[in-house]
1. In this structure, does residue 121 turn out to be touching a helix residue (DSSP H, G or I) at 6+ places or on another chain (Cβ under 6 Å), at pLDDT 85 or above and either surrounded by fewer than 15 Cβ atoms within 10 Å (Cβ to Cβ) or within 26 Å of residue 147 (Cβ to Cβ) (or both)?
2. Right, residue 177: in a helix (DSSP H, G or I), among the acidic types (Asp, Glu) and without any contact (Cβ under 8 Å) to a residue 12 or more places away in the chain or not?
3. Could you list, in sequence order, all residues of the range 63-80 that are part of a helix (DSSP H, G or I) and surrounded by fewer than 16 Cβ atoms within 10 Å (Cβ to Cβ)?
4. Any idea which of 263, 280, 268, 237 is surrounded by fewer than 10 Cβ atoms within 10 Å (Cβ to Cβ) and charged (D, E, K, R)?
5. Name the pairs: first residue in the range 249-268 and under 16 Å from residue 119 (Cβ atoms), second residue surrounded by 10 or more Cβ atoms within 10 Å (Cβ to Cβ) and β-branched (Val, Ile, Thr), Cβ to Cβ under 9 Å, at least 6 apart or on different chains?
6. Restricting attention to the range 166-194, which residues are closer than 15 Å to residue 223 by Cα and either among the hydroxyl-bearing types (Ser, Thr, Tyr) or out of contact with any helix residue (DSSP H, G or I) (no Cβ under 7 Å at 6 or more places or on another chain) (or both)?
7. Would you mind stating whether residue 26 is closer than 30 Å to residue 137 by Cα and either touching a Pro at 6+ places or on another chain (Cβ under 9 Å) or at pLDDT 55 or above (or both)?
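The values are calculated or read from the model by the stated rules, or taken from the named source; none is laboratory data. Quick caveat, the model's predicted, so the values are computed rather than measured. Reconstructed Cβ throughout: ideal geometry from the backbone, glycine too, with neighbour counts over all protein chains shown.
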Amino acid sequence: MSMNATETAVVPLPAKKTKSKKLRPARKQVKPGEVERKETPQTGKEYNIWYNKWAGGDREDSYSNKTKAQTRCNIKLDSGLTRANTTGMKYCCLFFARGNCPYGWECEYLHMLPDPSTALPDSSKDCFARDKFADYRDDMGGVGSFNRQNRTLYVGRIKETGTGLETEEVVRRHFKEFGEIERDDSETGWAVKVLQYRSVAFVTYKSELHAQFAKEAMACQSLDNDEILNVRWATEDPNPVSKVNERHRLEEMGQAAIREKMDPRVVDAMRTIRALEDGDVLDAEGNLIENGTLDADKEGEAEEEEEEDDRPTKRLKLDEQVSAPPPLEERSQPLGLLSADTMDSLKYFSEIRKRNGIPSYTASRAVPQKASVGLGLGDYGSDEDD
(Lines give C-alpha, C1' and ligand atoms only; values in the text may rest on other atoms or scores of the structure.)
Protein backbone atom coordinates (compact mmCIF):
# COMPACT_ATOMS: atom_id res chain seq x y z
CA MET A 1 0.00 0.00 0.00
CA SER A 2 1.61 3.27 -1.12
CA MET A 3 1.43 6.55 0.84
CA ASN A 4 0.99 9.94 -0.79
CA ALA A 5 3.54 12.66 -0.31
CA THR A 6 1.08 14.80 1.59
CA GLU A 7 0.28 12.07 4.08
CA THR A 8 2.45 11.69 7.14
CA ALA A 9 2.67 8.78 9.49
CA VAL A 10 1.70 9.44 13.13
CA VAL A 11 4.29 7.98 15.44
CA PRO A 12 3.35 7.90 19.14
CA LEU A 13 5.79 9.72 21.40
CA PRO A 14 7.30 7.80 24.27
CA ALA A 15 5.85 8.62 27.67
CA LYS A 16 7.92 10.99 29.78
CA LYS A 17 9.56 9.38 32.73
CA THR A 18 8.98 11.12 36.02
CA LYS A 19 12.22 11.64 37.85
CA SER A 20 12.02 10.69 41.50
CA LYS A 21 14.20 12.89 43.64
CA LYS A 22 16.70 10.74 45.49
CA LEU A 23 19.24 11.98 47.96
CA ARG A 24 22.80 11.25 47.06
CA PRO A 25 25.61 10.85 49.55
CA ALA A 26 26.58 14.16 51.06
CA ARG A 27 29.64 15.74 49.60
CA LYS A 28 32.59 17.08 51.57
CA GLN A 29 32.18 20.83 51.72
CA VAL A 30 35.86 21.53 52.39
CA LYS A 31 39.07 19.56 52.53
CA PRO A 32 40.67 18.92 55.89
CA GLY A 33 42.82 21.90 56.86
CA GLU A 34 41.44 24.11 54.10
CA VAL A 35 39.60 26.44 56.47
CA GLU A 36 41.89 28.60 58.55
CA ARG A 37 40.84 28.69 62.16
CA LYS A 38 41.84 32.11 63.36
CA GLU A 39 41.88 32.79 67.05
CA THR A 40 40.18 35.89 68.28
CA PRO A 41 42.80 38.59 68.79
CA GLN A 42 43.31 39.50 72.42
CA THR A 43 41.82 42.93 72.88
CA GLY A 44 41.08 42.63 76.60
CA LYS A 45 42.25 41.05 79.78
CA GLU A 46 39.73 38.20 80.09
CA TYR A 47 38.10 35.94 77.51
CA ASN A 48 34.37 35.47 78.05
CA ILE A 49 33.42 31.97 76.88
CA TRP A 50 29.72 32.88 77.16
CA TYR A 51 30.04 35.73 74.62
CA ASN A 52 33.08 34.29 72.77
CA LYS A 53 35.06 37.50 72.97
CA TRP A 54 37.64 39.31 75.06
CA ALA A 55 36.37 41.63 77.74
CA GLY A 56 37.69 43.92 80.40
CA GLY A 57 39.88 46.38 78.58
CA ASP A 58 38.66 47.09 75.05
CA ARG A 59 36.26 49.93 74.36
CA GLU A 60 36.49 49.85 70.59
CA ASP A 61 33.56 49.30 68.31
CA SER A 62 32.54 45.64 68.29
CA TYR A 63 31.79 45.86 64.55
CA SER A 64 35.50 46.14 63.78
CA ASN A 65 36.13 42.71 65.29
CA LYS A 66 33.77 40.99 62.88
CA THR A 67 35.32 39.10 60.01
CA LYS A 68 33.50 37.68 57.05
CA ALA A 69 32.84 33.92 57.06
CA GLN A 70 35.14 31.92 54.80
CA THR A 71 32.48 29.39 53.73
CA ARG A 72 28.75 29.30 53.16
CA CYS A 73 26.31 26.38 52.99
CA ASN A 74 24.59 25.64 49.69
CA ILE A 75 21.54 23.54 50.51
CA LYS A 76 20.98 22.26 46.96
CA LEU A 77 24.56 21.10 46.47
CA ASP A 78 25.60 20.14 49.99
CA SER A 79 22.51 18.25 51.21
CA GLY A 80 22.81 14.46 51.13
CA LEU A 81 22.83 11.21 53.04
CA THR A 82 25.20 10.62 55.95
CA ARG A 83 25.67 7.98 58.61
CA ALA A 84 23.02 9.76 60.66
CA ASN A 85 20.36 8.58 58.23
CA THR A 86 21.12 4.98 59.16
CA THR A 87 21.84 5.44 62.87
CA GLY A 88 18.68 7.45 63.57
CA MET A 89 20.40 10.68 64.62
CA LYS A 90 17.88 13.57 64.52
CA TYR A 91 20.28 16.49 64.90
CA CYS A 92 21.95 18.49 62.13
CA CYS A 93 25.64 19.11 61.68
CA LEU A 94 26.67 22.59 62.87
CA PHE A 95 29.63 22.70 60.50
CA PHE A 96 27.37 21.70 57.60
CA ALA A 97 25.21 24.75 58.36
CA ARG A 98 28.31 26.94 58.29
CA GLY A 99 29.52 25.30 55.07
CA ASN A 100 32.79 23.80 56.33
CA CYS A 101 32.16 20.14 57.22
CA PRO A 102 35.09 18.03 55.90
CA TYR A 103 33.45 14.61 56.55
CA GLY A 104 30.64 14.56 54.01
CA TRP A 105 28.74 11.27 53.98
CA GLU A 106 30.93 10.01 56.87
CA CYS A 107 29.50 12.64 59.24
CA GLU A 108 27.58 11.41 62.27
CA TYR A 109 25.01 14.23 61.96
CA LEU A 110 22.42 15.11 59.32
CA HIS A 111 23.43 17.11 56.27
CA MET A 112 20.00 18.55 55.45
CA LEU A 113 17.51 21.06 56.73
CA PRO A 114 15.71 20.02 59.94
CA ASP A 115 12.22 18.63 59.44
CA PRO A 116 9.62 20.58 61.48
CA SER A 117 7.25 17.59 61.46
CA THR A 118 9.84 15.45 63.27
CA ALA A 119 10.09 16.18 66.97
CA LEU A 120 13.57 16.29 68.48
CA PRO A 121 14.39 13.82 71.26
CA ASP A 122 15.09 16.63 73.72
CA SER A 123 13.18 19.93 73.62
CA SER A 124 15.87 21.64 75.71
CA LYS A 125 18.35 21.34 72.83
CA ASP A 126 18.41 23.12 69.47
CA CYS A 127 18.60 21.41 66.08
CA PHE A 128 22.39 21.07 66.49
CA ALA A 129 22.10 19.23 69.86
CA ARG A 130 23.36 22.26 71.79
CA ASP A 131 21.85 22.92 75.22
CA LYS A 132 19.53 25.89 75.51
CA PHE A 133 19.47 28.19 78.51
CA ALA A 134 16.77 29.69 80.68
CA ASP A 135 17.48 33.26 79.52
CA TYR A 136 18.86 34.87 76.40
CA ARG A 137 22.24 36.51 76.39
CA ASP A 138 22.33 40.28 76.71
CA ASP A 139 23.27 40.62 73.04
CA MET A 140 20.56 38.05 72.01
CA GLY A 141 23.21 35.77 70.53
CA GLY A 142 24.09 32.19 71.34
CA VAL A 143 21.86 29.13 71.37
CA GLY A 144 18.71 30.73 72.78
CA SER A 145 16.21 30.01 75.54
CA PHE A 146 13.95 27.02 76.19
CA ASN A 147 11.36 29.24 77.90
CA ARG A 148 10.21 30.83 74.67
CA GLN A 149 9.66 29.63 71.11
CA ASN A 150 11.44 32.20 68.96
CA ARG A 151 11.01 32.08 65.18
CA THR A 152 12.24 35.60 64.36
CA LEU A 153 15.82 36.63 63.56
CA TYR A 154 17.35 40.06 63.90
CA VAL A 155 19.58 40.87 60.91
CA GLY A 156 21.86 43.88 61.29
CA ARG A 157 24.45 45.73 59.17
CA ILE A 158 22.44 45.56 55.96
CA LYS A 159 23.50 47.90 53.19
CA GLU A 160 20.42 49.49 51.71
CA THR A 161 20.72 50.37 48.04
CA GLY A 162 17.06 51.03 47.22
CA THR A 163 13.64 51.38 48.77
CA GLY A 164 12.43 49.28 51.68
CA LEU A 165 10.59 46.83 49.42
CA GLU A 166 13.69 46.23 47.32
CA THR A 167 15.76 45.54 50.39
CA GLU A 168 13.09 43.17 51.72
CA GLU A 169 13.24 41.22 48.49
CA VAL A 170 17.03 40.89 48.78
CA VAL A 171 16.80 39.71 52.39
CA ARG A 172 14.05 37.21 51.59
CA ARG A 173 15.95 35.81 48.60
CA HIS A 174 18.96 34.98 50.76
CA PHE A 175 17.13 33.69 53.84
CA LYS A 176 14.44 31.58 52.15
CA GLU A 177 17.12 29.01 51.25
CA PHE A 178 17.27 27.85 54.87
CA GLY A 179 13.58 27.40 55.61
CA GLU A 180 10.03 28.43 54.86
CA ILE A 181 9.31 32.05 55.76
CA GLU A 182 6.06 32.97 57.45
CA ARG A 183 3.27 34.68 55.51
CA ASP A 184 1.50 37.82 56.73
CA ASP A 185 -0.84 40.58 55.54
CA SER A 186 1.91 43.05 54.57
CA GLU A 187 2.38 44.56 51.12
CA THR A 188 4.83 41.86 50.03
CA GLY A 189 2.95 39.04 51.78
CA TRP A 190 6.07 37.79 53.61
CA ALA A 191 7.10 38.23 57.23
CA VAL A 192 10.27 40.12 56.31
CA LYS A 193 10.45 43.64 57.76
CA VAL A 194 13.17 46.17 56.99
CA LEU A 195 13.68 49.27 59.12
CA GLN A 196 14.65 51.72 56.44
CA TYR A 197 17.68 53.95 57.07
CA ARG A 198 18.57 51.84 60.10
CA SER A 199 20.17 48.86 58.28
CA VAL A 200 18.06 46.36 60.27
CA ALA A 201 15.69 43.61 59.14
CA PHE A 202 13.54 40.99 60.88
CA VAL A 203 12.86 37.58 59.31
CA THR A 204 10.19 35.25 60.75
CA TYR A 205 10.18 31.55 59.84
CA LYS A 206 7.30 29.12 60.19
CA SER A 207 9.40 26.78 62.30
CA GLU A 208 11.84 27.56 65.08
CA LEU A 209 14.14 24.81 63.80
CA HIS A 210 14.58 26.65 60.51
CA ALA A 211 15.29 29.87 62.41
CA GLN A 212 18.01 28.06 64.40
CA PHE A 213 19.58 26.72 61.22
CA ALA A 214 19.40 30.06 59.38
CA LYS A 215 20.98 31.91 62.30
CA GLU A 216 24.12 29.81 62.05
CA ALA A 217 24.11 29.61 58.25
CA MET A 218 23.83 33.41 57.71
CA ALA A 219 26.06 34.58 60.57
CA CYS A 220 28.82 36.87 59.23
CA GLN A 221 27.64 36.26 55.65
CA SER A 222 26.89 38.84 52.94
CA LEU A 223 23.83 39.68 50.88
CA ASP A 224 24.42 41.55 47.61
CA ASN A 225 26.75 44.32 48.78
CA ASP A 226 29.62 42.49 50.49
CA GLU A 227 28.46 43.44 53.98
CA ILE A 228 29.04 41.37 57.13
CA LEU A 229 25.69 40.50 58.68
CA ASN A 230 25.04 40.51 62.40
CA VAL A 231 22.40 37.80 62.95
CA ARG A 232 20.84 37.55 66.42
CA TRP A 233 17.62 36.39 68.04
CA ALA A 234 14.85 38.98 67.95
CA THR A 235 13.32 40.25 71.16
CA GLU A 236 9.64 39.67 71.88
CA ASP A 237 7.23 41.75 69.82
CA PRO A 238 5.57 44.31 72.13
CA ASN A 239 2.46 44.48 69.92
CA PRO A 240 -0.50 43.06 71.94
CA VAL A 241 -2.13 41.68 68.78
CA SER A 242 1.04 39.74 67.94
CA LYS A 243 1.18 38.34 71.46
CA VAL A 244 -2.41 37.11 71.27
CA ASN A 245 -1.86 35.54 67.84
CA GLU A 246 1.29 33.80 69.02
CA ARG A 247 -0.50 32.45 72.10
CA HIS A 248 -3.35 31.09 69.95
CA ARG A 249 -0.85 29.51 67.57
CA LEU A 250 0.96 27.75 70.42
CA GLU A 251 -2.36 26.53 71.86
CA GLU A 252 -3.38 25.09 68.50
CA MET A 253 -0.02 23.37 68.12
CA GLY A 254 -0.35 21.87 71.60
CA GLN A 255 -3.87 20.63 70.94
CA ALA A 256 -2.81 19.11 67.62
CA ALA A 257 0.11 17.32 69.30
CA ILE A 258 -2.20 15.96 72.01
CA ARG A 259 -4.73 14.74 69.46
CA GLU A 260 -2.02 12.85 67.58
CA LYS A 261 -0.92 11.06 70.75
CA MET A 262 -4.42 10.16 71.96
CA ASP A 263 -6.36 7.05 70.97
CA PRO A 264 -9.26 8.06 68.66
CA ARG A 265 -11.57 5.65 70.48
CA VAL A 266 -10.94 7.47 73.76
CA VAL A 267 -11.62 10.81 72.06
CA ASP A 268 -14.94 9.57 70.66
CA ALA A 269 -15.99 8.21 74.04
CA MET A 270 -15.15 11.49 75.81
CA ARG A 271 -17.01 13.46 73.14
CA THR A 272 -20.11 11.27 73.53
CA ILE A 273 -20.10 11.61 77.31
CA ARG A 274 -19.78 15.38 77.09
CA ALA A 275 -22.63 15.52 74.57
CA LEU A 276 -24.85 13.51 76.91
CA GLU A 277 -24.02 15.81 79.80
CA ASP A 278 -24.74 18.96 77.76
CA GLY A 279 -27.81 17.54 76.05
CA ASP A 280 -26.31 17.85 72.56
CA VAL A 281 -27.05 15.53 69.63
CA LEU A 282 -24.26 13.91 67.59
CA ASP A 283 -24.47 12.41 64.14
CA ALA A 284 -23.11 9.01 63.10
CA GLU A 285 -19.57 10.40 62.73
CA GLY A 286 -19.59 12.01 66.16
CA ASN A 287 -19.97 15.61 64.96
CA LEU A 288 -22.26 18.02 66.75
CA ILE A 289 -25.48 18.68 64.85
CA GLU A 290 -26.28 22.33 64.26
CA ASN A 291 -28.94 23.89 66.46
CA GLY A 292 -31.13 24.93 63.52
CA THR A 293 -33.19 21.76 63.18
CA LEU A 294 -32.98 20.96 66.86
CA ASP A 295 -34.29 24.36 67.90
CA ALA A 296 -37.26 24.01 65.54
CA ASP A 297 -38.09 20.62 67.01
CA LYS A 298 -37.79 21.96 70.54
CA GLU A 299 -40.04 24.89 69.69
CA GLY A 300 -42.66 22.49 68.26
CA GLU A 301 -42.52 20.35 71.38
CA ALA A 302 -42.87 23.45 73.58
CA GLU A 303 -45.93 24.57 71.62
CA GLU A 304 -47.53 21.13 72.02
CA GLU A 305 -46.90 21.22 75.75
CA GLU A 306 -48.46 24.67 76.01
CA GLU A 307 -51.54 23.46 74.12
CA GLU A 308 -51.89 20.49 76.47
CA ASP A 309 -51.63 22.83 79.46
CA ASP A 310 -54.37 25.06 78.01
CA ARG A 311 -56.84 22.23 77.28
CA PRO A 312 -58.36 22.02 80.82
CA THR A 313 -58.77 25.78 80.83
CA LYS A 314 -60.55 25.72 77.45
CA ARG A 315 -62.87 22.95 78.59
CA LEU A 316 -63.82 24.88 81.71
CA LYS A 317 -64.61 27.99 79.66
CA LEU A 318 -67.10 26.13 77.44
CA ASP A 319 -69.81 26.32 80.06
CA GLU A 320 -69.88 29.53 82.02
CA GLN A 321 -72.89 28.39 84.05
CA VAL A 322 -71.03 25.56 85.73
CA SER A 323 -69.90 26.75 89.09
CA ALA A 324 -66.29 26.42 90.10
CA PRO A 325 -65.36 24.24 93.05
CA PRO A 326 -65.63 25.94 96.39
CA PRO A 327 -62.53 27.48 97.95
CA LEU A 328 -60.29 25.43 100.14
CA GLU A 329 -61.46 27.14 103.33
CA GLU A 330 -65.15 26.33 102.66
CA ARG A 331 -64.67 22.63 101.89
CA SER A 332 -66.14 20.14 104.30
CA GLN A 333 -64.20 17.75 106.41
CA PRO A 334 -63.30 14.38 104.83
CA LEU A 335 -65.70 11.48 105.23
CA GLY A 336 -64.77 7.82 104.89
CA LEU A 337 -62.06 6.75 102.45
CA LEU A 338 -62.29 9.82 100.16
CA SER A 339 -61.16 13.23 101.25
CA ALA A 340 -63.12 16.44 100.91
CA ASP A 341 -61.05 17.55 97.85
CA THR A 342 -61.82 14.32 96.05
CA MET A 343 -65.52 14.57 96.80
CA ASP A 344 -65.72 18.15 95.54
CA SER A 345 -63.90 17.22 92.33
CA LEU A 346 -66.26 14.31 91.68
CA LYS A 347 -69.29 16.51 92.17
CA TYR A 348 -67.83 19.16 89.86
CA PHE A 349 -67.13 16.75 86.99
CA SER A 350 -70.52 15.10 87.54
CA GLU A 351 -72.23 18.40 86.85
CA ILE A 352 -70.22 18.81 83.66
CA ARG A 353 -71.21 15.34 82.45
CA LYS A 354 -74.88 16.04 83.14
CA ARG A 355 -74.64 19.32 81.26
CA ASN A 356 -73.20 17.52 78.22
CA GLY A 357 -75.85 14.76 78.33
CA ILE A 358 -73.55 11.98 79.51
CA PRO A 359 -75.01 9.49 82.05
CA SER A 360 -73.56 10.05 85.47
CA TYR A 361 -73.75 6.49 86.79
CA THR A 362 -70.09 6.58 87.81
CA ALA A 363 -70.63 9.68 89.87
CA SER A 364 -73.50 8.08 91.81
CA ARG A 365 -71.47 5.00 92.51
CA ALA A 366 -68.48 7.08 93.56
CA VAL A 367 -70.42 8.90 96.30
CA PRO A 368 -69.93 6.86 99.47
CA GLN A 369 -72.30 6.61 102.36
CA LYS A 370 -71.66 8.25 105.66
CA ALA A 371 -68.89 6.49 107.43
CA SER A 372 -69.09 5.42 111.00
CA VAL A 373 -67.54 7.50 113.66
CA GLY A 374 -63.84 6.84 113.84
CA LEU A 375 -60.57 7.48 112.10
CA GLY A 376 -60.36 7.14 108.31
CA LEU A 377 -57.39 6.98 105.99
CA GLY A 378 -58.01 10.56 104.97
CA ASP A 379 -57.14 11.66 108.49
CA TYR A 380 -53.56 10.43 107.99
CA GLY A 381 -53.10 12.47 104.80
CA SER A 382 -53.15 9.50 102.42
CA ASP A 383 -54.33 11.76 99.58
CA GLU A 384 -51.28 14.00 99.77
CA ASP A 385 -48.31 13.62 97.47
CA ASP A 386 -45.95 13.22 100.39
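1. Considered against the rule, which asks whether it is touching a helix residue (DSSP H, G or I) at 6+ places or on another chain (Cβ under 6 Å), at pLDDT 85 or above and either surrounded by fewer than 15 Cβ atoms within 10 Å (Cβ to Cβ) or within 26 Å of residue 147 (Cβ to Cβ) (or both), residue 121 comes out as no.
2. no
3. Initially, the range 63-80 is screened for residues part of a helix (DSSP H, G or I), giving 63-65, 75-78.
Those that are part of a helix (DSSP H, G or I) and surrounded by fewer than 16 Cβ atoms within 10 Å (Cβ to Cβ): 63, 64, 65, 76, 77.
4. Result: 263 is the single residue among 263, 280, 268, 237 that is surrounded by fewer than 10 Cβ atoms within 10 Å (Cβ to Cβ) and charged (D, E, K, R).
5. The qualifying pairs are 259/267.
6. 166, 167, 168, 169, 170, 171, 172, 173, 174, 176
7. no
Residues checked against (1) surrounded by fewer than 12 Cβ atoms within 10 Å (Cβ to Cβ); (2) in contact with a His (Cβ under 8 Å, 6 or more places away or on another chain); (3) modelled with pLDDT of 60 or more; (4) not assigned by TED's automatic domain parsing to the domain that holds residue 177:
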| position | (1), (2), (3), (4) |
| --- | --- |
| 45 | yes, no, yes, yes |
| 82 | no, yes, yes, yes |
| 88 | yes, no, yes, yes |
| 92 | no, yes, yes, yes |
| 99 | no, no, yes, yes |
| 104 | no, yes, yes, yes |
